[in-house]
1. Computing the accessible area with a 1.4 Å probe over protein heavy atoms, can you report the carbon and sulfur percentage for the chain?
2. Restricting attention to the alpha-carbon atoms of segment 314-432, what are Rg (one decimal) and Dmax (integer), both in Å?
3. Most mobile of Val165, Val31, Val294 per a Gaussian network model of the chain (Cα springs, under 10 Å)?
4. Dividing the alpha-carbon Rg of segment 354-415 by 2.2 N^0.38 Å yields what?
5. Give me the percent of Cα-Cα pairs in segment 150-195 that sit more than 16 Å apart, rounded to a whole number.
6. In Å³ and rounded to a whole number, note down the convex hull volume per residue for the Cα atoms of segment 230-293.
7. Would you please give the FRET efficiency between Glu163 and Leu230, computed as 1/(1 + (r/R0)^6) with r the Cβ-Cβ distance and R0 = 45 Å, to the nearest 0.05?
8. Using θ = phi - 60° and the Karplus form 6.51 cos²θ - 1.76 cosθ + 1.60, what ³J(HN,Hα) does each residue of segment 175-188 get, whole Hz, x for Gly and Pro?
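The values are calculated or read from the model by the stated rules, or taken from the named source; none is laboratory data. The shown structure was predicted, so the numbers you read here are calculated from the model rather than taken from an experiment. Ideal geometry is used to build each Cβ from the backbone, glycine not excepted, and the neighbour counts take in all protein chains shown. What goes into the accessible areas is simple: the full protein's heavy atoms, side chains included, and nothing from ligands, DNA or RNA. Shrake-Rupley method; radii C 1.70, N 1.55, O 1.52, S 1.80 Å.
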Amino acid sequence: MTETETVKRSEKPAPDGRVQVRRRLPRISEVRELLQFRAPVLDPVRRRLESALTIEDLRRIGRRTTPRAVFDYVDGAADAEVTASRNLQAFRDAVFVPENLNPVVDPDLSTELLGERIAFPLVFAPTGYTRMMHHEGEAAVARVAQRRNLPYALSTVGTTTIEDVREAAPEGKNWFQLYLTNNRRLNNELVDRALEAGCRTVLLTIDTAVGGRRLKDVRNGLTIPPSLTLKTFLDMSRFPYWWINKLTTEPIDFASVRDFPGTSADVAALLFDPGLDYDDLVWLRKKWPHNLLVKGIQNPDDARRVTELGADGVVVSNHGGRQLDRTPATLDILPAVREAVGPDATVLLDSGIRHGQDIIAAVANGADAVMIGRAYLYGLMAGGEAGVERAVEILLSEYRRGLQLLGLDATSKIAPRHVSLHANTPEGTPIR
Ligand SMILES: Cc1cc2nc3c(=O)[nH]c(=O)nc-3n(C[C@H](O)[C@H](O)[C@H](O)COP(=O)(O)O)c2cc1C
């Protein structure tokens, strides 16, 4: 029955012109239909995670459940955090253009990346110190990635070894992120171990000539080695579960370089090598027999040069705004990078992905897939492995809905005309 029909049948104008509503006895069955309460969820972690509908919700929960200094380490960025906010703004400014009346019953979200089919265009980015965010750490992320058929890149400064990640996710698409150091022996050893552990993709990160200055970490004393302020320490003591978990599991260290002599400060100093140059890339290209992507590309010329030197592709990334501040949003430079490397090279993008539609915006503008860092770390802080799972669930459902509302029944149908960028509009500036 339509709304107008309902009005016609139940409402008759009274002699004074006022509409009189015809009433009937209430039926209990109708009330029952309206009042369908959800069964209470007793497990507090599950309850928190179920209440999260967006990545921003997971971020808020993570902030409540994790010591402030740890949350700041994840959430913060370099200097005035201009790049970090540009990254987010670029995605907000993207303009989506739907094509309706296309059947989109069950869209095919999958895509091919480096010769393998994955569930949708998403990769877990490498993040250091992951067991500090939550004791389940890298192994939890790798397990979720394996279950969801998505690649996971372990960081050189991860707190779990390559071998332990393989044990946690033996069928996973496990990648390794490499920081090349000025120590040849260590470089050789890391590459050999990645190969031995079955990794088929290495990411060489090139945007860390020196560490970015993350002021929140300096203020909190979360440096290497730590020099906590009293305030940070007192705040940390408000999180007994975090402490118990930290103190009753393996000590947090740079697991992959554990055997290397020296303090953690010595190792950290070694890992950021300001002398890195193109010869190192050439060396790695000769040594590594499988897929090699260069991560930290921020302009088309560098992208062209590294692919000419044999890299299979690039990751357009500003490290989530954690290194050089005031650089462009990655989304803004993506189309030029794609044009520079041509259609055959692999192009990934990260920095600022917080919503499934961000993934569509990146794919429409030349990316084969995106990587997420904080989006899954917020989930990890909010609820360990289940929180990472929730982050993927959120992004996946936003991605699916985004495709359907755009009128697209497959990832392969995403095209530049579906998402225009502020940077490309006549009134937009080339770089935000
Ligand atoms: C806490 C944290 C640690 C990170 N550690 C590394 C790392 O060890 N190696 C690396 O190449 N990138 C590292 N990154 C950068 C990520 O790989 C990725 O480029 C970035 O997080 C993307 O931005 P998003 O967090 O906005 O998604 C780290 C990022 C975060 C947030």
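1. Carbon and sulfur: 53 percent of the exposed surface of the chain.
2. Radius of gyration, then largest Cα-Cα span, for segment 314-432: 14.8, 45 Å.
3. Maximum fluctuation in the GNM of the chain, among the listed residues, is at Val31.
4. Details: Rg = 12.4 Å, N = 62, 2.2 N^0.38 = 10.6 Å.
It is 1.18.
5. Of all Cα-Cα pairs in segment 150-195, 35 percent lie more than 16 Å apart.
6. Values: hull volume 12.2 nm³, N = 64.
Normalising the Cα hull of segment 230-293 by residue number yields 191 Å³.
7. Details: r = 39 Å, r/R0 = 0.86.
With R0 = 45 Å, the Cβ-Cβ based efficiency is 0.70.
8. With the stated coefficients, segment 175-188 comes to 9, 10, 9, 10, 9, 7, 10, 7, 9, 4, 4, 5, 4, 4 Hz.
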